[in-house]
Amino acid sequence: MELSSQMGKEIRLSKFLDPSGPPAIVVKADQGLAVGPIAGLKDMESGLAAIIAAGVDGVVLSPGQAGRQAHLFKGRRAPALLVRSDWSNVARNESFPLPWKRMTHVAVAGAKHAAFLGAQGIVASFYVGYRDDEDEADNLEAVSQLAAECFQYGLPLLVEALPVGERVTQHNYLDSLKMSGRMSLEAGADGIIVPYAGARSSMREVVEAAGAAPVLLLIADVLDAKSVSESVRAGAKGVVVGGASLGEAAQSSIGELSKLLGRGA
Amino acid sequence: MSGPGKEIRLSRIIDPSDARAVVIAADHGYMLGPIKGVIDLGRTIASVTEGGADGILVSPGQAAKIGYLFRGKDRPAMLVRADWTNAFRSKTYTLPSRHVQHRYMTSPRQAMALGADAIVIYFFVGYADDQEEAQHVSRVARYARECEEIGLPLIVEPIPLGERITGANYNELVGISIRMSAEIGADAIKAPYTNDVEMYRDVVRSAGIPILILGGAKSKTLRDALEVVEEALESGARGTVFGRNVVQAPDPGAMVRSICQVVHGRKSAREVTRPVAEGKMKLRVSRPRDCTGCHICEIACSAAHGAGYGLESARLFVRPSRDGFRPVVCTQCLKCVEACQRRALAVDSKLGCVVLDASKCNGCGDCAEACPVDVVRMDQGRPLFCDLCGGIPECEEWCPREVLASVRR
């Protein structure tokens, strides 16, 4: 008899997205996988220690770093380790030495390996806006397969749902965002990470589109107070901060964000 | 320990700040049915959680049903019992076991899916047929390998069991089965304590992985249970796994708090179980003929009042008597209080002992002179009075022959 249930996912999700607690703060420190060293995380050990000391609920790491930095995630008071399962080149914009010419996405770790690494959750990306429809299908297929594997290990799956690329315009952005969030839910996501939709009412539409899955706001600028407060009012359950925006002042920046979210200093 | 996942998950059970753990076993229903304390399991788990347990062991079926009690950052770790046995269905239970059976019911991956931070499995030694021990070793090894692959800590509970186990070989087999479990691939051990600090120190050293000792069969008193824990910790054990002593306690949460005070708070069982004094009390020499003149009462008194282990500062003394020896204690006659011209002495409203207001005392010594039994002594210009140690007189606690007894007035 298969005893697997949603229980493991629910318990692990609650360790960084506590339904009875204030909005969560998760930091993405996995940028090295796609763009190399970033400010504040050139030295992963000290950079992560500063982020963790600031009081965050979860940290997203690449599989390689997760294995090396495991000691920082020990104890029930430590933040949850979330493991990045895929790679893409979408963060390589015009300022990057090799900007992307074609959006690409591949898997780098499965649920079993994330479990081995001690993950409380796993993070994948789902993009809409590919030039070639086959790429979107490949991306969704990868997310769906990962979701099925996550069920087996009781690992919650967070999906970054992002409209990206030349086919995404100001005109279709909100609909694309809602569509990518809803498709992620249908594929098996337990939480959806989305960028700000531009207004509180739009954000509410995104939250509604995500249905049962909690929505987390992805912010590039840690002090983007308007996006944060409007999203929380619209129903977002937390914030995912890009590590690149933290720079050397990670601790004070996260402290400010905590205050903004009503979590205290 | 192999792999980061195991390290992270085990640290959710064994607190990295002091490398110790208090785990509560609540999986009895799987083996014994609805025994007291696990009938309303949700209520017991809520109480144990509130008491501050680091982890709770539950059966896979209960994990799927009441796993919601483990949701949230401040909740204890979930340990899942992955195997089943009838070995504990003794003659006092319905359908006592005729032949020990042991089966694996839940795979490590299934336990992961349920939200487990670790799984717990038995390892028996003492089978009548050696082939059965070999099969059990094989099963533990299979689970150890699977746990390694998915980063799930494996806690093995080695138990010497069966007709080949005797009083003479039990303790040695505890040590042997623990070491064997470590060699097979256990990440931590849940094992009985052998009531021998020095012997267990060797067991701990030999294991090389954390050992959590069993709370054991239901203890007569809380202090009995905690004294075993205190002793085991002294030998290097990393904590405890309490079962029936906690889940069948009138207030499981309060019991867990007491265990945590010993395990994490590093307090002694004596300190933790010291009751708050209620009502006035008096010290009596209840069995004067049993006094051997060992002076332990005086030493305990002196030490309890921070005056070292000499006899000079004790608030009682032992004198030779016609029959041998006899302790002399304050009778609370209050003649000292009457003798004090400066009104520096008063009667403690809660306990009834004499208390000194040092700011009013001029060290005249009238109180000592007025004492008809000479227990009021002068020390550096100030009189010393029996304060009943706040309600648990140390002289009474330490007297090996129970010569002294405190009574409520």
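Numbers at a glance
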| quantity | calculated |
| --- | --- |
| Extension gain, B:Leu95 back to B:Glu234 (0.36 nm per residue minus Cα-Cα distance, nm) | 46.1 nm |
| Convex hull of Cα atoms in segment B:122-217, direction-averaged projection (nm²) | 6.1 |
| Segment B:281-408: Rg to Rh, with Rh as the Kirkwood radius over Cα pairs | 0.95 |
| Cα lying deepest toward the dipole's positive end in segment B:4-273, options B:Pro192, B:Ala25, B:Ile213, charges on Cβ | B:Ala25 |
| Kirkwood Rh in Å, taken over chain A so that all alpha-carbon pairs contribute | 18.3 |
| Principal semi-axes in Å for chain B [√(5λ), Cα gyration tensor, largest first] | 53, 23, 19 |
| Interchain or long-range residues, amide H under 5 Å from B:Ser406's placed H | B:Arg284 |
| Residues with amide H under 5 Å from that of A:Arg92, placed H, sequence gap 5 or more | A:Trp100 |
| Heavy-atom accessible surface that B and A bury in contact, both chains counted, 1.4 Å, Å² to 100 | 3100 |
| Partner lysines for B:Lys350 [C-alpha distance under 21 Å; skip if fewer than 8 residues away on the same chain] | B:Lys280, B:Lys282, B:Lys335 |
| Using alpha carbons only: equivalent-ellipsoid semi-axes of segment A:1-135, gyration tensor based, whole Å | 27, 21, 14 |
| Selection of GluC sites (Glu not before Pro), segment A:161-258, meeting DSSP coil and at most 13 other Cβ within 10 Å | A:Glu166 |
| Probe 1.4 Å - accessible area at B:Tyr93, Å² to nearest ten | 60 |
| Relative packing of B:219-231, A:20-32, which averages over residues the other C-beta atoms within 10 Å, highest first | A:20-32, B:219-231 |
| Centre separation in Å (Cα based) which lies between segment A:124-196 and segment B:235-297 | 59 |
| Lys/Arg +1, Asp/Glu -1 at C-beta; the protein assembly as shown dipole; positive extreme among A:Leu155, A:Ser88, B:Ser235 | B:Ser235 |
| Backbone HN-Hα couplings from phi across segment B:18-35 [Karplus 6.51/-1.76/1.60, Hz, Gly and Pro as x] | 9, 6, 10, 8, 10, 10, 10, 8, 9, 9, 4, x, 5, 9, 10, x, x, 7 |
| Heavy-atom accessible surface of the protein assembly as shown: percent carbon and sulfur, 1.4 Å | 50 |
| B:Cys361 accessible area, 1.4 Å probe, all protein chains in place, Å² to nearest 10 | 20 |
| Segment A:186-250: Rg to Rh, with Rh as the Kirkwood radius over Cα pairs | 1.00 |
| Shielding score for A:11-18, defined as the mean number of other chain Cβ atoms within 10 Å | 5 |
| List A:His71, A:His105, ordered by accessible area with a 1.4 Å probe, largest first | A:His71, A:His105 |
| Karplus 3J(HN,Hα) series, Hz, for segment A:86-94 with 6.51 cos²θ - 1.76 cosθ + 1.60 (x for Gly, Pro) | 9, 10, 8, 9, 5, 7, 7, 8, 5 |
| In nm, spacing of pseudo-spin labels at A:Asn172 and A:Arg233 (7 Å Cα→C-beta vector) | 3.1 |
| Rotationally averaged projected area of the protein assembly as shown (alpha carbon convex hull; nm²) | 38.3 |
| Environment charge at B:Ala344 (Cβ cut-off 11 Å; Lys +1, Arg +1, Asp -1, Glu -1) | +2 |
| Ordering of B:316-322, A:94-100 by packing [mean C-beta count within 10 Å, highest first] | B:316-322, A:94-100 |
| Rounded to the nearest 10 Å², the accessible area of B:Lys190 at probe 1.4 Å | 20 |
| Segment B:281-408, accessible area per residue, ligands and nucleic acids excluded (1.4 Å, Å²) | 55 |
| Set A:Lys42/A:Lys74; A:Lys101/A:Lys226; A:Lys112/A:Lys178; A:Lys74/B:Lys36 screened for pairs whose C-alpha atoms are more than 24 Å apart | A:Lys101/A:Lys226; A:Lys112/A:Lys178; A:Lys74/B:Lys36 |
| Difference of contour (0.36 nm per residue) and Cα-Cα distance, B:Arg382 to B:Glu149 | 76.9 nm |
| Charge dipole magnitude, Cβ of K and R +1, D and E -1 - chain B, Cα centre, debye nearest 20 | 1180 |
| Amide proton proximity set for A:Gly238, modelled H, under 5 Å, gap of 5+ | A:Ala24, A:Leu217 |
| Magnitude of the charge dipole, the protein assembly as shown, Cβ model with Lys/Arg +1 and Asp/Glu -1, debye to 20 | 2120 |
| Averaged over A:116-128, number of beta-carbon atoms from partner chains that fall within 10 Å | 3 |
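The values are calculated or read from the model by the stated rules, or taken from the named source; none is laboratory data. None of these values were measured; they are calculated from a predicted model. Don't worry about glycine lacking a Cβ; one is built from the backbone with ideal geometry, like all the others, and counts go over all protein chains shown. Note: accessible area is taken over every heavy atom of the protein model, side chains too, but ligands, DNA and RNA are not part of it. Shrake-Rupley method; radii C 1.70, N 1.55, O 1.52, S 1.80 Å.
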